[in-house]
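See below for the structure under consideration.
Taken together, the values in this text are just the output of simple stated rules run on the coordinates, not laboratory data. Worth saying up front: this structure is predicted, and the values here are computed from it rather than measured. Glycine also receives a Cβ, built like all others from the backbone with ideal geometry; neighbour counts cover every protein chain displayed.
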Amino acid sequence: MSRISPSRRLVLGVLSATMLMTILDGSIVTVAMPAIQRDLGFAPAELSWTVNAYLVAYGGLLLLAGRLGDLIGRRSMFLVGNVVFTAASLLAGAATGPGALIGARFLQGVGSAMASAVVLGILVTTFTDAAERAKAIGVFSFTGAAGASLGQVLGGVLTDALGWNYIFLINVPIGVVTIALAVRALPADQGLGLSAGADVLGALLVTAGLMLGIYAVVQIERYGLRSLWFGAVSLVLLAGFLVRQSTARTPLMPLRIFRSRAVAGANLVQVLTLGAMFAFQVVVALFMQQVLGYDALGTGLAMLPAALCIAGVSLFVSPRLMTRFGARAVLPAGLVLLIGAMAWLARVPVDARYVTDLLPVMVLVMGAGLVLPSLTTLGMSDARSDDAGLVSGVFNTSQQVGMAAGVAVLSTLAASRTQGLLAGGAGEAVALTGGYRLAFTVSLALLVSALAVALLVLRRPRSDAERTDVEQADGERAAALRPEGL
């Protein structure tokens, strides 16, 4: 496998650091919420907005930010986004009331969307060699998985040792260093100019539609079926956006990008997979704490083997397999491993033992180390130099939609099942286990659906039948993406 040059290694480090901050910030707040409520006087109904304000802004602006990156330059969008995120982190750490913190969290979401929407666009235009790109995507995917695993543990450590403010303030020095390195490392790109996609009405429709859709999802636990009205309005706005894009002279999102089976299929598989994986990332932790009696530290240590397995596969196994066999062949193998993990969880007993009932799951989720890099490769494989930021924004948006939908649907189903069992006279541990097993079973169905889509939609095109490595074709397309001076 080819070695990544020092200059490109620095680019990869900058991009990975930004994504790590983004993913950490989505989960690190959850364990600090009791301390935040106590110190700032949050009403119980308001407290969830310390998380939701970030999610609504982040998920709602990803697609718009990705396209604007193509128009004004992805490097510029990345730098401005990091500046906004770093400044908002300082404001969040200094907040003295609920309104100030919620506003700062919304601003953090704006900055994260601006920076992360163009990250994959920068990555695929920088790493054009197939083997080099596979290795870079492996590192990048590991960063995302590590951020999801580390968020809750790091949030607890910082809150207990220094106070909840530092879960935000820690971003400030990291952000400053990242910005300084990005100015030096990231290649300059001109951008197409706003005239190439100055569709103001389209921008308003898609931003409002996505924000309202994310709002509907994150509020479903509070409002139940009433939140579906927000979802319905969101669908109307997004439908209007698609109609607008099919008729606008300079569309914000050229619909031609979805003619690619790789782009459309990878995004659909990602929504299904990440929706299902919420059951592992959160529900397993709840099961260990609420049923088995683990404390926060014990839960983190129990889930450590999963992080190590995903890390090892993402960094060392996935790049080699994708270079040799192609992402289309590696993706189903990873999904089969995840299906095995979720099937194991779907039968978990109320008196589960770690070695026999949970440790095998921690090993099988190594499949995520195959799935995430494969999806990233396929989702960006047909990106052109003039729409790499947009395709990156679409990919990140489907990621957020999948995770938000997983949180809403699986947690609601688990809670409903638990309440039903309690009403029927079951003990608390039995009722909780029944609710969690339902969530695991639904997740299993989602992963099976993802595998079916991967096999049917993402199969290798006949025109490439002679190719033993699909990434050879991706490498040829990527030649046109190489920035000036590389």
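Things to note:
- Kirkwood Rh, angstrom, segment 1-128 [1 / mean 1/r, Cα pairs]: 15.4
- Normalised per residue, the volume of the convex hull around the Cα set of segment 199-249 (Å³): 44
- Taking segment 199-249 and dividing mean pair separation by its residue count, relative contact order in percent (alpha carbons under 8 Å, at least six apart): 47
- Size estimate for the chain follows the Kirkwood approach: the inverse of mean 1/r over distinct Cα pairs works out to 22.7 Å.
- Integer Hz, Karplus 6.51/-1.76/1.60 couplings in order for segment 10-19, x for Gly and Pro: 5, 4, 4, x, 5, 5, 5, 5, 5, 5
- Value of [θ]222 nm, deg cm²/dmol, for the chain, DSSP H segments ≥ 4, -39500 (n - 2.57) each, nearest 500: -24500 deg cm²/dmol
- Relative to its Kirkwood radius, the Cα radius of gyration of segment 154-290 gives an Rg/Rh of 1.06.
- Here the dipole of the chain is about 820 debye; that uses its Cα centre as origin and unit charges on the Cβ of Lys and Arg (positive) and Asp and Glu (negative).
- Of the residues ALA65, PHE440, ALA216, the one whose Cα sits farthest towards the positive end of the charge dipole of the chain is ALA65 (charges of +1 on Lys and Arg Cβ, -1 on Asp and Glu Cβ, taken about the Cα centre).
- Of the peptides 47-53, 234-240, 169-175, the order by per-residue mean of other Cβ atoms within 10 Å, starting with the highest, comes out as 47-53, 169-175, 234-240.
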